[in-house]
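Here is the structure we will look at.
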Amino acid sequence: MSTETAVTGPVIDQDPTIAVGSRVLPSRYFLAPLAGYTHLAFRRVIRELGGVGLATTDLVQASTLLSGRKKALELIETSPEDRPLSIQIFSGRVHELVEAAAWLADHGFEGIDINMGCPMAKVNSQGGGARLMCDTDGACETVSRVVAAVDVPVTVKMRLGWDRDQLTAPALARAFEQEGVAAITIHGRTRSQGFTGEVDHEGIRQTVEAVESIPVVGNGDVRSPGDAFAMRRSTGCAAVAIGRGAMLDPWLFVRIGRELAGEPSDWNPNVDAQIAFLKRHFALMVQQHQEYSCILFRKFAAWYGVRLGIPEDLEDRLRRFESYEEFDSIVDQVRQRHGTRQGEIATALIKVPNGPVERW
Ligand SMILES: Cc1cc2nc3c(=O)[nH]c(=O)nc-3n(C[C@H](O)[C@H](O)[C@H](O)COP(=O)(O)O)c2cc1C
């Protein structure tokens, strides 16, 4: 239960921690999964800044995990610093989800999250992701069997429903609670909206009101501490999950912590801190992927380029470098040539599927 001090400003909780089943999480502000971005290296580097209550892996296809595919094992790779962590799985086949969840629990993972929000055709066509929200009985059967198979908390991440005419989230949330789900994360859009349109706080609020006592985690378009507190206040959600906002500004959790402590949050980390973050992100990636990191890191070039205001030619080098030595030389240049370009860090830097949602 939260006690608000004012109509605007931070939401001050009597207890800043939050229980999700048997787990007690240190903060109510979570990192939402962004497949391809929030891998181990990013989770670790952002956790080092502080304030992340929970992180969740990319969605992992249950069947690929069960067959021990390298890609699936890479996605669940973690380290002692990468805590608290939930592993997100998806499948349209109940027995695969059950077996994958049991395997994860047996291997010491502390939380299982079932994906019911993914809008991608390749996931939905197998009956997984948001498609599960269209079949209330099937979805309940699925979560009930997963919950029964493991002794760790099971959570569900979903959308408001498939489309405007099928807003099933409140009914499903209530049913899932009865089946023993420990928390629900709700992205305040329908599947057919994809990533367009405004996040519907009212829809999230209806889901919050539908459950008896489990935490509902609000999600969608939180880019600032003010957005996070507004989400809490207007929906009554117990926690907030932040995806793209945390990529665009990894200091967002720190800012939220500062507002909660009554400090100004509009400060900016100095350039040294930002370059240290860039170097640490790459170094942690190298720990997991070695030389292949030179390719994996390219995806972040545009984002670091704008964040540090480096000239285009330098950003271009960050997009093409092939060795650790080249990375070090780029960083030396970044130190000297940062701040030469002004630019907004646009949400568009994180690619979302576009075009007609049916073809994703
Ligand atoms: C590139 C990208 C990848 C995503 N991957 C996942 C995923 O693996 N699992 C999941 O539940 N949601 C995934 N999402 C959805 C986000 O977790 C989140 O619900 C959505 O982006 C809205 O929140 P935000 O505005 O804070 O990003 C992804 C979103 C994006 C943009």
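The values are calculated or read from the model by the stated rules, or taken from the named source; none is laboratory data. From a predicted model like this one, the values you see are computed outputs, not experimental measurements. In this analysis, Cβ positions are derived from the backbone assuming ideal geometry, glycine residues included, and neighbour counts consider all displayed protein chains.
Taking every residue in segment 327-344 that is closer than 17 Å to HIS281 by Cβ and at pLDDT below 95 and pairing it with any residue that is surrounded by 12 or more Cβ atoms within 10 Å (Cβ to Cβ) and hydroxyl-bearing (Ser, Thr, Tyr), at least 6 positions away or on another chain, the pairs with Cβ-Cβ distances below 9 Å are VAL334/TYR304.
For segment 211-231, the candidate set comprises residues that are over 23 Å from GLY257 (Cα atoms) and surrounded by 18 or more Cβ atoms within 10 Å (Cβ to Cβ); within that set, the residue that is nearest to the chain's Cα centre (by Cα) is ILE214.
Residues checked against (1) within 16 Å of the ligand (Cβ to nearest atom); (2) surrounded by fewer than 20 Cβ atoms within 10 Å (Cβ to Cβ):
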residue	(1), (2)
GLY21	no, yes
ILE46	yes, no
THR64	yes, yes
PRO80	no, yes
ASP106	no, yes
GLU110	no, yes
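Only one of the listed residues (THR56, THR64) is among the polar types (S, T, N, Q) and within 29 Å of LEU260 (Cβ to Cβ). That residue is THR56.
So, PRO84, is that one touching a Lys or Arg at 6+ places or on another chain (Cβ under 7 Å) and surrounded by 18 or more Cβ atoms within 10 Å (Cβ to Cβ) or not? Yes; evaluated as a whole, the condition is true for this residue. Looking at segment 188-210, which of its residues are farther than 23 Å from VAL24 by Cα, surrounded by fewer than 24 Cβ atoms within 10 Å (Cβ to Cβ) and β-branched (Val, Ile, Thr)? Listed by number, the residues that qualify are THR196, VAL199.
Counting the residues of segment 228-260 that are within 11 Å of the ligand (Cβ to nearest atom), within 29 Å of ALA175 (Cα to Cα) and part of a helix (DSSP H, G or I) gives 2.
For (1) part of a loop (DSSP other than H, G, I, E, B); (2) in contact (Cβ under 8 Å) with a residue 60 or more places away in the chain; (3) of a type outside the set (D, E, K, R), each residue gets a yes or a no:
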{"site": "ALA41", "(1), (2), (3)": "no, yes, yes"}
{"site": "ILE46", "(1), (2), (3)": "no, yes, yes"}
{"site": "GLY51", "(1), (2), (3)": "yes, yes, yes"}
{"site": "THR56", "(1), (2), (3)": "no, yes, yes"}
{"site": "VAL60", "(1), (2), (3)": "no, no, yes"}
{"site": "GLY68", "(1), (2), (3)": "yes, no, yes"}
{"site": "ALA72", "(1), (2), (3)": "no, no, yes"}
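Tell me whether segment 44-66 contains one or more residues that are polar (S, T, N, Q), closer than 18 Å to LEU252 by Cα and touching a helix residue (DSSP H, G or I) at 6+ places or on another chain (Cβ under 8 Å). Looking through segment 44-66, none of the residues is polar (S, T, N, Q), closer than 18 Å to LEU252 by Cα and touching a helix residue (DSSP H, G or I) at 6+ places or on another chain (Cβ under 8 Å).
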